[in-house]
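This report concerns only the one structure given below.
Coordinate-derived values only; no laboratory data. Everything quoted here is computed from the prediction, not taken from an experiment. Note that we place each Cβ from the backbone using ideal geometry, even for glycine, and neighbour counts take in every protein chain shown.
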Amino acid sequence: MNSASTDNLKCGARIGIDLGGTKVEALILDHNGIERARKRLPTPKRNYTKTLNTIRELIEYVEQSSGLHGSIGVATPGVLSPATGLMKNANSTALLGHKLDIDLEDLLQRPVRLANDANCFALSEATDGAGRGHNSVFGVILGTGTGGGIVFNGEIMLGANAIGGEWGHNPLPNLTTEESKVDKCYCGRQGCIESFLSGPALERSYYKNSGNELSAADIDLAAQVGEESAEQTLQLYEDQLARGLGSIINIIDPAVVVLGGGVSNIERLYRNVPKLWDEHIFSDQITTKLLKAKHGDSSGVRGAAWLWN
């Protein structure tokens, strides 16, 4: 595609695709960033070709429904390797080893931009979400896993190895004796941040304290009515989150940290964690804000659209 037609796409509507493990979602934003159409379909199981065709079907739907023709950005559960151009680090194994960007461009006959779903989340919140107006944003997903993305001056900081922001597989700082006994992460390392800060990790921590099983949301509700095990679980979680984010602030010093994912709905985190992270940050004054994502579950698909910014 020539540069003129590419410029036309960049200046017009934007299509975002969120390629998840269970669903593929598409939306189209008009030139003012207003959503005009949206649709989701189940993700084909372990079938790469059907996944590509599902993306094409969704694009056709949002364009026909809106009457707009847009650029295409895709949020993926992995990244393209700078070394090989092939998908890596994706829990959707059907994508692994494929040139997803090139295959989509061949199928759709127009340019496609790809980014990791956590990077798209961060870009969405930096562009028109909780981090709008700030030049540096660290976006955190506290869900089934613990992802992250860095945006500076409106641009995703991908990094030389395409792993910028992947804090979940760094070790949690200042591990206690008890924390050092936690089971190995699925990546094979011991003490990963994800082993403590993901939603399932929070639920495991509560089970260890109480012998009962509750979701993250219900643990929060239990703490609100004074259940001791729930309160202890959340206090420990807040301390661990403060340690993890403190190390990030020491390195990239973002103006804003934005939380997304299921655990981000626990409102007390925004009050308590900034009070705790001070002792882990090497500065006499800390102005970094901890904020809840504005767009919630839509941040990934919106960030994919904003890859053409």
(message) Give the average over all directions of the projected area of the C-alpha convex hull of the range 130-293, one decimal, in nm².
(response) 9.7
(request) Could you state the angle between the C-alpha long axis of helix 199-210 and the longest principal axis of the C-alpha atoms of the chain, as a value from 0 to 90 degrees rounded to the nearest 10? (result) 20
(message) Quick one: 3J(HN,Hα) in Hz for the range 242-252, Karplus 6.51/-1.76/1.60 with θ = phi - 60°, rounded, Gly and Pro as x.
(response) 4, 5, x, 6, x, 5, 5, 4, 4, 8, 10
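Averaging over every viewing direction, what projected area does the convex hull of the Cα atoms of the range 1-119 cover, in nm²?
Across all orientations, the range 1-119 yields a mean hull projection of 7.1 nm².
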(message) Quick check: residue separation of Ala160 and Arg56 times 0.36 nm, minus the Cα distance between them. What number comes out in nm?
(response) 34.4 nm
(message) Let me check I've understood the local charge: for Val225, count other residues with C-beta under 14 angstrom from its C-beta, Lys and Arg +1, Asp and Glu -1. What total comes out?
(response) -4
(request) Express as a percent, rounded to the nearest 5, the fraction of DSSP beta bridges in the chain (both residues included) that run antiparallel. (result) 55
(message) Of the candidates Gly188, Gly199, Gly164, which one comes out as most mobile in a Gaussian network treatment of the chain with C-alpha springs shorter than 10 Å?
(response) Gly188
(request) Quick one: angle between helix 48-66 and the longest Cα principal axis of the chain, in degrees between 0 and 90, rounded to 10, please. (result) 70
(message) What is the angle, in °, between the Cα long axis of helix 117-128 and the longest principal axis of the Cα atoms in the chain? Nearest 10 is fine, range 0 to 90.
(response) 80
(message) Restricting everything to alpha-carbon atoms, can you work out Rg to Rh for the range 223-298 with a Kirkwood hydrodynamic radius?
(response) 0.99
(message) Over the range 80-154, what is the relative contact order in percent, taking alpha-carbon pairs closer than 8 angstrom and at least six residues apart?
(response) 21
(request) With springs only between Cα atoms under 10 Å apart, run a GNM on the chain and tell me which of Gln224, Gln235, Gln190 wobbles the most. (result) Gln224
(request) Take the chain, compute every pairwise Cα distance, and split them into 10 Å bins from 0; I just need the percent in each bin. (result) 6, 27, 33, 22, 10, 2, 0
(request) State the Kirkwood hydrodynamic radius of the range 119-193 in Å, one decimal place, computed from all pairs of distinct Cα atoms. (result) 13.5
(request) Please report the Cα spread of the range 185-246 along all three principal axes, rounded to whole Å, starting with the longest. (result) 36, 24, 16
(request) Between beta-carbons, use under 12 Å as the cut-off and find the net charge around Thr176, counting Lys and Arg +1, Asp and Glu -1. (result) -1
